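One structure below.
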Amino acid sequence: EMEGGGLSVPASVEQAAVHAIPCKTTFTGPAKVSSYFRPQPDSRNAAAQQDGAAPTQIAAFRGRTLRGAEIILPEGFSGYAVRPAHKGPQDPKIGEDIEAVRQFSQMTYWNHDTTPGPLDEMPQLIEWATLSGVLHGARPADP
C-alpha cells in the first residue's frame with residue numbers, strides 16, 4: 001500500500017513554454033534547447049487553416065521532422081514542471097513529495113512527420129479532461 005506524496009507550488013513559480021516531443025533521453029542537465037530546436041509555422045497546413053484547422057508548426061529534432069500544434073489546458077487546470085522536493089532516499093511506501101519549478105497553461109505537442117489532428121493522443125486527453133470535469137464537477141445546490 002502506498003500513501004500519496006504532495007505537490008508544493010511556490011507563489012513565484014515562473015511560466016514556461018512546454019513542448020511534448022516524441023523521444024526519450026537519459027540526459028538530465030541543462031541544454032541550450034533554443035539554439036537547436038526552432039519551430040516555424042508549417043506552410044503545408046496553410047490550406048487546412050483556412051478551413052478552420054488549428055495552425056501547426058514544423059521543426060526538426062536530431063534530423064527527424066516534427067509537426068506540432070498548440071493545446072490550451074481546460075479551464076481550472078494547470079500544468080507544472082516538477083522536481084523532487086527532497087534529496088536523498090525516499091520511503092517506497094510513501095509517495096514522493098515534489099515541487100513545481102515552472103507552470104504552464106498551454107503546450108505544444110509534436111508528431112513525427114504527421115500533421116497534428118483531433119484524433120491524436122494529446123487532444124483526446126484534453127477532451128477527456130474537459131468531459132470528466134463536466135460529468136464529475138460540482139453541481140449547483142438545488143433551490
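The values are calculated or read from the model by the stated rules, or taken from the named source; none is laboratory data. What you are looking at is a predicted structure, and each value in this text was computed from that prediction instead of being measured. Note that we place each Cβ from the backbone using ideal geometry, even for glycine, and neighbour counts take in every protein chain shown. Quick note on the areas: whole protein, heavy atoms, side chains included, nothing else; ligands and nucleic acids left out. Shrake-Rupley method; radii C 1.70, N 1.55, O 1.52, S 1.80 Å.
Taking only pairs six or more apart or across chains, which ones have beta-carbon atoms under 8 Å, a first residue in the range 31-43 that is surrounded by 10 or more Cβ atoms within 10 Å (Cβ to Cβ), and a second residue that is modelled with pLDDT under 85?
Filtered contacts from the range 31-43: PRO41/PRO55; ASP42/PRO55.
Report whether or not GLN106 is surrounded by fewer than 15 Cβ atoms within 10 Å (Cβ to Cβ), at pLDDT 90 or above and of a type outside the set (D, E, K, R). Outline the logic, then answer.
On the way: surrounded by fewer than 15 Cβ atoms within 10 Å (Cβ to Cβ): yes; at pLDDT 90 or above: yes; of a type outside the set (D, E, K, R): yes.
Yes, satisfied.
Failed condition for SER132, given (1) touching a residue at least 12 places away in the same chain (Cβ under 8 Å); (2) open to solvent by less than 40 Å² (accessible area, probe 1.4 Å); (3) closer than 30 Å to SER12 by Cα; (4) not in a strand (DSSP E or B), with all others met?
(1)
What residue, among those in the range 11-42 that are polar (S, T, N, Q) and modelled with pLDDT under 90, is nearest to MET122 (Cα to Cα)?
Within the range 11-42, the first condition is being polar (S, T, N, Q), and the residues that meet it are 12, 15, 25-26, 28, 34-35, 40.
Okay, now just the ones that are also modelled with pLDDT under 90, so 12, 25-26, 28, 34-35.
Working: SER12: 28, THR25: 20, THR26: 23, THR28: 24, SER34: 23, SER35: 26 Å.
Taking the candidates together, the pick is THR25.
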